[in-house]
Structure formats: C-alpha cells, structure tokens
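Since the structure comes first, as structure tokens, the remarks are kept for the end.
The values are calculated or read from the model by the stated rules, or taken from the named source; none is laboratory data. Because the structure is a prediction, the values reported are computed rather than measured. We place every Cβ from the backbone using ideal geometry, glycine too, and count neighbours over all the protein chains shown. Each accessible area value is taken on the protein alone, full model and side chains, heavy atoms only, with ligands, DNA and RNA left out. Shrake-Rupley method; radii C 1.70, N 1.55, O 1.52, S 1.80 Å.
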Amino acid sequence: MLPLSSQPLIHARRLTKRFGSFTAVDGIDFDVAPGEAFGFLGPNGAGKTSTMRMIGCVSPPTGGTLRVLGMDPVADGPRIRARLGVVPQQDTLDEELTVEENLVIYARYFDIPYREGRRRAAELLDFVQLAERAKSEVEPLSGGMKRRLTIARGLINEPNLLLLDEPTTGLDPQARHLLWDRLYRLKQRGVTLVLTTHYMDEAEQLCDRLVVMDKAKIVAEGSPRQLIERYSTREVLELRFAPGAQESLDGQLDGKLDGIAERIEPLPDRLLLYTSDGDAAIDAVHARGVEPESVLVRRSTLEDVFLRLTGRTLVD
Amino acid sequence: MKGVVRVLEYNWMTYRRTWRGTLFFTFVQPVLFLAGLGLGLGGFVDRSGTGALEGVRYVAFLAPGLLAAQAMQMASFESTYPILGSIVWRRTYHAMLATPLRVREVLAGQLGWIAFRLAVGSVAFLLVIMLFGAVQSPLAALAAPVAILTGLAFAAPIMAFSATLRTDEWFSAIFRFGITPLFLFSGTFFPIAQLPDVIEPIAYLTPLYHGVALARDLSLGRADLLAAVLHLAVLFAYFAAGVGAASITFRRRLVL
Ligand SMILES: Nc1ncnc2c1ncn2[C@@H]1O[C@H](COP(=O)(O)OP(=O)(O)OP(=O)(O)O)[C@@H](O)[C@H]1O
Ligand SMILES: [Mg+2]
C-alpha cells in the first residue's frame, strides 16, 4: 500500500515502445513506491529490457505517460539519470581499465571529484566483496565478479532508485546468493529496487511486488504470495512418467485422473496436479491404478502462476 | 559542457595505459619519412634542379605536406576502430549515456579528444621538421592548427560513418581506397600539377589537398590571404558537414 504522502518514484500509464512496426511494450500501467522492491518477471522477449531502458531515460517512449522521480524522462533525462543507479542486462564495464578506475571514472560522469570517487570506490568494493581486486584488470574477472562490480558502479552516485536488468542471469547458485544478499541489504537501507528476471525464485526472494509480463503486456500484478494465491493452489503434485508417454499425458491418461485436482497441466514429461492437499491426491492417483515413475508434492511457485497465465513455462 | 570534459577525462584515463605505443607514430615515423624521403630522395630531386618546386628544397616542400597527411592518417584511425569499439565492443558510450551525459556531449568529447591527439602529434611533427631545418618562415607555427583542422575534416565525417556500422570490415576499404590514395596523390609528395589532367580537378575537392597546400604555404612563408581563406573554408565545410552527419548517426545508433 502506498502511504498517501509518498509520490510514486515511477509512474507509467499506457506506456508503449515500438521498434518500427514491432511493439515491444504494449500500453503497460504500473507504479513503483519509494522503498519498494519491484520486479518485472517474464520470458525472453517479453519487453522487460525495453521497459527498463525507458525508465532509465536512455530510450524514449513511443507512447503513453512515464514519470520517473516526478520528472519527464524525455525533457529531464540528464537530471533523472543523475539520481539513478543502473545495472544493464549486458555489462558495459571497461575492460581496459582496472576495477577501481571503472568506478572512479564513472563517478566523474556524476561530477564526483576524484578524491571522493576513490573513497566511494573503496567502500563499494568492500560492500560487493571485491576490495582485493581493486587494482586488477576487469577482463579476467568471473561473471559473478563483473556483475558485482557493475552493481558497485551503479551505486557510485548514491542513487535512491536502482534499476537491475537480470542481475543474476548466467551466474552459478553461489554467486546468485551473494548478489541477492547484497541487494537485500540495499533494500534495507531504503534503496528502491526495480529489477527484471526470468527466475521465479529470484522474484520470490527479492520482490515485494511484481508484474508478470508476456508478449509486451502485463498479465498479472501483485506480491508473490498474492499471485500464487490468486492463480494457483497451495500445493502441486508432480507425476513423472517414462519418456514416450506424451500422448497419454496430453489426454491425461484417458480421463483416469478426472476430478482429483482443481486443474491438471500436462508438460512434456510429467503432469502437474494443482490441489490444496498433495498427499490426498497421491492416494487418489494410486487408487485409480495410475502408476507414475515418481511423484513429488511441492508448494506452488510463481512458475505455476506463469504457466497458468500463459500456458507456457518461464525458462525454455 | 561539463560532459564534454568528462569524455576527455575518460579518454585520458585509457590513454595513460597505452600512450607508449603511440610514441612511434608520433616521433619516429616523422623522422623516418623526413630522413628517407626528404633527405634521401630529396637529394636526387634537388640535384636535377628545383624548378618544378619553384626553387624550394625538396625536404622543405615535403615536410609541411607530410604534417597535414599524418594528421589525416591519425584522425582516420582514431575515428574508425575506437568509435566502433565504443559502440559495439566496449560499449563505452552506452555506459556514459546511462549517466547524466548526453549524446552531443559524447560526440563533442570524442572529437575534442581526437583534436587533442592531433595537437600533440602536429606539434611533435613540427619540432621534428625544425630539427631538419626544413622550415622557412615563422608562419610555420600556424601549420600545426591547420594540420589539426585537416585531421578534423576527416575525423568528423568518418566518425559519422563508423557510427552506422556493425563490424569493422569497411575500415580496411576506407584506408585502402580512400586514405592511402589521398596520402599519395593530394600534393604531399609532388605538386598536383603533375597529375593527369582528368584527375587533377578531383584533387581540389579533397580536404587533404587544401590542408597540404595551406600548411606548405605557411611553412614556406608564401601564404596568400585569399587562397588561405579558401583552403580554410573547404576544411571547415568538411568538418561541419561531418559534425552534422555524426550528430544524426550517433543519435540514431545510441538512442533506441
Ligand atoms: N533496438 C531494437 N530494435 C528492434 N527490436 C528490438 C530492439 N530492442 C528490442 N527489440 C525487440 O523487442 C522485444 C522485447 O525485447 P526486450 O529486450 O525488451 O525483451 P526482454 O524481456 O528483456 O527479453 P530477455 O529476457 O531476452 O532479455 C524482442 O522481441 C526484441 O527482439
Ligand atoms: Mg532483457
């Protein structure tokens, strides 16, 4: 809920981006409140980056209204960008400079004096656990280190709004958890986070509120919990079958499972049974003489929400 | 305006790591050219009489021409690979434009950087020319700014073109079919009156001819005001057209 006094940091209505005749963002509405962690969850090509670039004032909207920090991105781009931190999907680190130089020169773009830039660089490198690499070149750093450096760079101007476009894509689980931890700390310090991801666990971990995007449109909006409650059941029973059973899965085993679950979703190698009580559903499955290779009861996730909303899985 | 300075600072920061590699181009190459062509070949030319060069020693004729031609070469290099790199490979410009910097500041800063590199190169070249005793007038000092302008008359339009590319495959064609022929046939090594009559007028259209002619007139102390204004006008026209084109291509490429 927005406190009445606080203006949204980002306000978008019918926001649209076209490239030629192709519509990458199709009239989307959303607001981001101060202090919130807000996510765009969606598959490849959904329009997440196009949206983020409009918010970051590097890509002018084709239509609709967009206000960032209460200003108009087209008229006040430089003033807005002065107060944003940006972590783009594709790294733009300078591989010919050292880790520290990357931060110090970036600080200069924000008019921060060299001395102060070096001071902030040291502090931020500590924060992202890269202090001992300060003098090393960027090129040999691992993917996770580069991502952390990009986040440090995005924080050099002490922004109150940090935009992160797929901050952890391509990283191993350990690197992702380290990043999540740092982002969580930033949020606790009051930094507003706007991030995109196609990892539902990332969205669940980090976002207070998110929108699900698909094919240039927003298809649902809410907290992770609200979305799961609204679009899925409490539990999911996964039934795995031997390869080759595809046809009977699509026909849901000739109706043998009718009525066991609220909804049944066939996937290439398994069936998902949406139900409030997974264990009871297992018993019912066995009672009807269906013998899957394996069974698994789990809680619903945003992945299930996405499947329900679009009929497709999120990560292909 | 501040943004322009920031782009210069960025270039300076990367240049600090690579400047040693540019020393050869800046100092050694002029010495080699002036010694080999100016003195070596020039010895032959002068012995057969300097009538064609209006009584000027060959090295004194050649040196200011080379000054302008070297500016063209340096400017062309600096406005091809580094520009494409900043857009496609290193994505430097994208990083800059996510900050308060504007496209026009990035463009102006990059041109300013090339002007700085040209200034260092031209002054160094002029010093080498003086060491060779190939200067005949104090006006030669003005040949350095002329060389810078000559370089910029190439840099701006080439930058405009570089900003439209996705790969570097065009660049070798630019050098092979553009820069090298200009280097050889724009009056640097011999008066363009030597060119076949059908080709001669083409030379007048190229910026290098005007840079070479003006630098030479200054160095030899025979500059004529009207001719000088004409040469400058042509160089400015190329530069201004290039800046106009680059403002468009940079924006098209960087603001999507
Ligand atoms: N500059 C551009 N010119 C033309 N089409 C573009 C451009 N940028 C993006 N698109 C198209 O717009 C659509 C949305 O792209 P966008 O990058 O916003 O998606 P995304 O949700 O970020 O996807 P991903 O998860 O792959 O990063 C895609 O179909 C893409 O090809
Ligand atoms: Mg994207």
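Descriptive notes on the structure:
- Cleavage-rule hits, GluC sites (Glu not before Pro), the stretch B:1-96, DSSP coil, Cβ neighbours within 10 Å at most 13: B:Glu54
- Whole-number percent relative contact order across the stretch B:2-254, with pairs defined as alpha carbons under 8 Å at least 6 apart: 29 percent
- For chain A, averaging the sequence separation of C-alpha pairs within contact (under 8 Å, six or more residues apart) and dividing by the residue count gives a relative contact order of 19 percent.
- Protein accessible surface hidden between A and B, which excludes ligands and nucleic acids, total in Å², probe 1.4 Å: 2400 Å²
- Here the dipole of the stretch A:88-216 is about 440 debye; that uses its Cα centre as origin and unit charges on the Cβ of Lys and Arg (positive) and Asp and Glu (negative).
- Kirkwood hydrodynamic radius of the protein assembly as shown, from inverse mean 1/r over distinct Cα pairs, in Å: 27.9 Å
- Sparse packing (at most 12 other Cβ atoms within 10 Å of the Cβ) combined with a DSSP loop state is found for none of the GluC sites (Glu not before Pro) in the stretch A:45-134.
- Cβ-defined net charge surrounding B:Thr150, 15 Å radius [Lys, Arg +1; Asp, Glu -1]: 0
- Modelled label reach - A:Gln90, point 7 Å along Cα→Cβ, the stretch B:84-113 residues with backbone N closer than 13 Å: B:85-95
- Using the alpha-carbon positions of chain A, Rg (one decimal) and Dmax (whole number) come out as 22.6, 74 Å.
- Too-long pairs where the Cα-Cα distance tops 21 Å, listed order kept, from A:Lys17/A:Lys187; A:Lys17/A:Lys215; A:Lys146/A:Lys215: A:Lys17/A:Lys187; A:Lys146/A:Lys215
- The phi-based Karplus calculation (6.51 cos²θ - 1.76 cosθ + 1.60; θ = phi - 60°) puts the 3J(HN,Hα) values of the stretch B:103-117 at 4, 5, 6, 4, 5, 5, x, 5, 5, x, 5, 4, 4, 5, 4 Hz, whole numbers, x for Gly and Pro.
- Other-chain or far-sequence residues with amide H under 5 Å of A:Ala37's (modelled H): A:Leu193, A:Asp208, A:Arg209
- Positive-end residue of A:Phe38, A:Gly20, A:Thr49, charge dipole of the stretch A:8-55 with Cβ unit charges: A:Gly20
- Residues along the stretch B:82-129 losing 40 Å² or more of accessible surface when the other protein chains are present rather than the chain by itself (probe 1.4 Å): B:Arg90, B:Arg91, B:Ala95, B:Ala98, B:Thr99, B:Pro100
- Solvent-accessible area lost in complex, 50 Å² minimum, residues of the stretch A:108-147 relative to chain alone, 1.4 Å: A:Arg108, A:Tyr109, A:Asp111
- Measuring with a 1.4 angstrom probe and ignoring ligands and nucleic acids, B:Phe27 comes out at about 90 Å² accessible.
- Those residues of the stretch A:99-114 whose amide nitrogen sits under 14 Å from the label point placed on A:Met71, 7 Å along Cα→Cβ: A:110-111
- A 1.4 Å probe over all protein chains sorts B:Leu139, B:Leu226, B:Leu101 by accessible area into B:Leu226, B:Leu139, B:Leu101, starting with the largest.
- Estimated at the nearest 10 Å², the accessible area of B:Phe132 is 50 Å² with a 1.4 Å probe.
- For the protein assembly as shown, with +1 on Lys and Arg beta carbons and -1 on Asp and Glu, the positive-most of B:Trp170, A:Leu272, A:Leu257 along the dipole: B:Trp170
- Hydrodynamic radius of chain B per Kirkwood, over alpha carbon pairs, in Å: 18.9 Å
- Dipole moment magnitude, nearest 20 debye, chain A about Cα centre, only Lys, Arg, Asp, Glu C-beta charged: 1340 debye
- Over the stretch B:1-119, the Kirkwood radius and the radius of gyration, each from Cα atoms, give a ratio Rg/Rh of 1.17.
- Working from label points 7 Å from Cα in the Cα-to-Cβ sense, the B:Leu127 to A:Thr62 distance is 5.6 nm.
- For A:Arg240, the shell of other residues with beta-carbons less than 15 Å away shows a net charge of -3, using +1 for Lys and Arg and -1 for Asp and Glu.
- A dipole drawn for the protein assembly as shown from +1 and -1 charges on Cβ atoms has a positive end, and of B:Phe154, A:Asn102, B:Ile83 the residue lying farthest that way is B:Phe154.
- Rolling a 1.4 Å probe over the protein heavy atoms of chain A, with every protein chain left in place, gives an accessible area that is 48 percent carbon and sulfur.
- The amide H of A:Leu267, built 1.01 Å from its N in the peptide plane, has A:Leu272 as neighbours under 5 Å, considering only residues 5 or more places off or on other chains.
- Counting charges near A:Gly35 (Lys, Arg +1; Asp, Glu -1) among other residues having Cβ under 11 Å from its Cβ returns a value of 0.
- 1.4 Å probe accessible area per residue over the protein assembly as shown, in Å²: 45 Å²
- Charge dipole (debye, nearest 20) of the stretch B:2-254; +1 at Cβ of Lys and Arg, -1 at Cβ of Asp and Glu: 1140 debye
- Using the alpha carbons alone, the radius of gyration of the stretch A:1-71 stands to its Kirkwood radius in an Rg to Rh ratio of 0.98.
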